[in-house]
Amino acid sequence: MANTERVLVTGAGGFIGHHLTKYLVDRGYWVRGVDIQEPEYEASAAHEFELLDLRRFDNALMATRGVDHVYSLAADMGGIGFIESNKGPIMRNNTYISLNTLEAARVNKASRLLYTSSACIYPGYLQKDENVTPLKESDAYPADAEDGYGWEKLYTERMCRHYTEDFGLDTRVVRFHNIFGPLGTYEGGREKSPAAMCRKIAMASDGGTIEVWGDGHQTRSYCYIDDCVEGIYRLMMSDFREPINLGQDRMISVNELVDIVANIAGKRIERTHNLTAPQGVRGRNSDNTLLREVLNWEPQISLEEGLGRTYRWIYAQLGDRVSQTAELAAA
Ligand code: NAD
């Protein structure tokens, strides 16, 4: 299938941007990928891949030259441990990146821009209970976003609205809920809970012990990467301009997440709970009513299937570091 639009993916060296680039190239788009770093695990599928720092406006102008559609994914980000301890750098860096990308897209007359926001924009006061009511888009206000990272996301959502209203740049805003899968960061401090659990359990022996942050009763929903890129593309092609959730709406506790991964690994796993580690909100789930209505679609891949693929990839990455006593049950 040939598509005539020229596309920019920012953050193309990162987890979601890398998968999205492959998806768009497969659909016949000409794609420029931009990032401050190369993809970590395999070469980018982009027709052009440029190393640019989008905190600089001149670089954002270069990135957006001659493109019709901009997928704005670049951000300084990581799991809860990272975003809670780097609020200043994250807010500064992401404000520069997001605003420069929007403004440069306007100057270079891109027709459409999709911005990747986050469930971290939802108010803390709605997420104090592990049996949380799923969050619907209108719950964002009155605002009480995740301090630092979440506030920048919410601010840029508003910028997108006003760039559409006042400058005619057609924008889309997607709020991701915990995306995971192969080729995502799994160690080093920026990893999120599914990848961290896969790594810890891959490295534990049968009957071994892993550390879990918090008491493990905190709840989340997790969405597999292939569903994420499918949803991003469907939203970009739609005419829907308001922020919209993209995630699974099956909520589980972190302890249940450990159980699922341990089952995939074929191991009995004990756990210790680190009650002083950062945990984020107590409960979070996605209300997918609007997603189903607008896109006539919702994520398809089960948590077990997605975690199985992710576990096997992380297990292979760890190579010799994996405990020799373990067998990969889900091979
Ligand atoms: P990621 O960290 O893997 O990718 C982000 C990429 O942005 C990285 O490759 C990074 O090098 C790049 N980047 C950072 N600073 C840059 C700069 N100054 N100039 C150019 N590139 C820069 O993260 P991801 O999981 O792929 O997330 C993609 C987007 O989705 C981000 O905007 C993130 O905030 C958002 N998001 C992700 C999740 C999730 O669960 N993964 C959840 C909510 C929102």
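Considering only residues that are farther than 26 Å from G81 by Cβ and in a loop (DSSP other than H, G, I, E, B), look in region 260-298 and name the one that is farthest from the chain's Cα centre (by Cα).
R268
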Restricting attention to region 41-64, does a residue exist that is of a type outside the set (A, V, I, L, M), crowded, with 22+ Cβ neighbours inside 10 Å and within 10 Å of the ligand (Cβ to nearest atom)? no
Qualifying residue in region 161-171 (condition: of a type in the set (S, T, N, Q), outside any loop (DSSP other than H, G, I, E, B), touching a helix residue (DSSP H, G or I) at 6+ places or on another chain (Cβ under 8 Å) and modelled with pLDDT under 95): no
Residue that is nearest to S286 (Cα to Cα), among those in region 130-142 that are over 21 Å from the mean Cα position of the chain (by Cα) and loosely packed, with under 13 Cβ neighbours inside 10 Å: T133
When you scan region 65-95, how many residues do you find that are out of contact with any Asp or Glu (no Cβ under 6 Å at 6 or more places or on another chain), modelled with pLDDT of 95 or more and near the ligand (Cβ under 7 Å from one of its atoms)? 4
Matching residues in region 15-37 - criterion: being near the ligand (Cβ under 9 Å from one of its atoms) and surrounded by fewer than 20 Cβ atoms within 10 Å (Cβ to Cβ): I36, Q37
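Looking at region 52-125, what helices (runs of 4 or more DSSP H) fall wholly within it and have at least 3 residues that are in contact with a Leu (Cβ under 7 Å, 6 or more places away or on another chain)?
The qualifying helices (runs of 4 or more DSSP H) are 57-63, 87-107.
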Cross-chain or 6+ apart pairs with Cβ under 9 Å, region 45-68 first and farther than 14 Å from L113 by Cβ, then surrounded by fewer than 16 Cβ atoms within 10 Å (Cβ to Cβ) and of a type in the set (D, E): A45/D26; F49/E38; L51/E38; N59/E50; M62/E50
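The values are calculated or read from the model by the stated rules, or taken from the named source; none is laboratory data. Only a predicted model underlies this, so the values are computations on that prediction, with no experimental measurement involved. All Cβ positions, even for glycine, are placed from backbone atoms using ideal geometry, and neighbour counts span all protein chains on display.
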